[in-house]
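Right, one structure below, let's go through it.
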Amino acid sequence: MKKLLILLFSFFLLISPSVFADDISDFEIEGISIGDSLLDYMTKEEILQAIEKNKGRFLHLKEPNKYIQIAMRKDYPTYDYISVMIQNNSSNKYVIDKNEKYTILAVRGYTKYIENFDACIQEKDEIVEVLSGMFPNTQKIDQTKKYSADPSGDSILNIYAFKFDSGASIDVYCENLEETYRIKGNLVEGLNVGLLLPEIGRWLRDKK
């Protein structure tokens, strides 16, 4: 169990119980926290190239380019790769603000389980058990639903989410994508552990 805790998150603060109540910015996934500048992990040129590459990723949402998801593939000790989300400022195309901080609003760790949904569910359940012990009084949502980005309706998500009073959330889910859709889109499926600010959660739920 101690290993699972180390794999899940690193903690800045463990002294005050209030840390567990609301502030997910006190958690890291592979050393990356919400509120960090993406410039700490990528150059500006790399960020702009990634934005251009990924700007059509969420076309099933009402505001598909309000935020941009950027994947970072490095030799991480826990996850196969990490993704972060930053805001897309419509008045200045891909820059968050005049200071160009590219503030991270969500961070996710991914572990691939290609055509191995049962193994993914097993690891997801172990992680959920650990988090449930850490957040016994937090609102929890356990559901299986269709993956809205797949028009066939044959892809599913098995999700367990921890909702905080602030509206922020930690979610843990497994993807089981329909094979034709996955292969055509050159997509991966598997385990996802994410830290999300409220605005990201609302945006992802606002579908066309």
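Return the residues of the stretch 171-193 that are under 10 Å from Asn158 (Cα atoms) and of a type in the set (Phe, Trp, Tyr); say none if nothing qualifies. Passing the criteria: only Tyr173.
Looking at the stretch 110-208, the strands (runs of 3 or more DSSP E) lying wholly inside it that each contain 3 or more residues that are of a type outside the set (A, V, I, L, M) and buried (at least 18 other Cβ atoms within 10 Å of the Cβ) sit at 156-163, 169-176, 190-196. Going by what's in this entry, would Met85 be described as farther than 23 Å from Ala161 by Cβ, of a type in the set (A, V, I, L, M, F, W, C), at pLDDT 90 or above and not in a helix (DSSP H, G or I)? Judged against the criteria, Met85 is not a match. Taking residues in the stretch 139-151 that are in contact (Cβ under 8 Å) with a residue 40 or more places away in the chain, and partners anywhere that are assigned to a loop (DSSP other than H, G, I, E, B), the pairs with Cβ atoms closer than 7 Å and at least 6 places apart or on different chains are Ser148/His60; Ala149/His60.
The values are calculated or read from the model by the stated rules, or taken from the named source; none is laboratory data. Only a predicted model underlies this, so the values are computations on that prediction, with no experimental measurement involved. Reconstructed Cβ throughout: ideal geometry from the backbone, glycine too, with neighbour counts over all protein chains shown.
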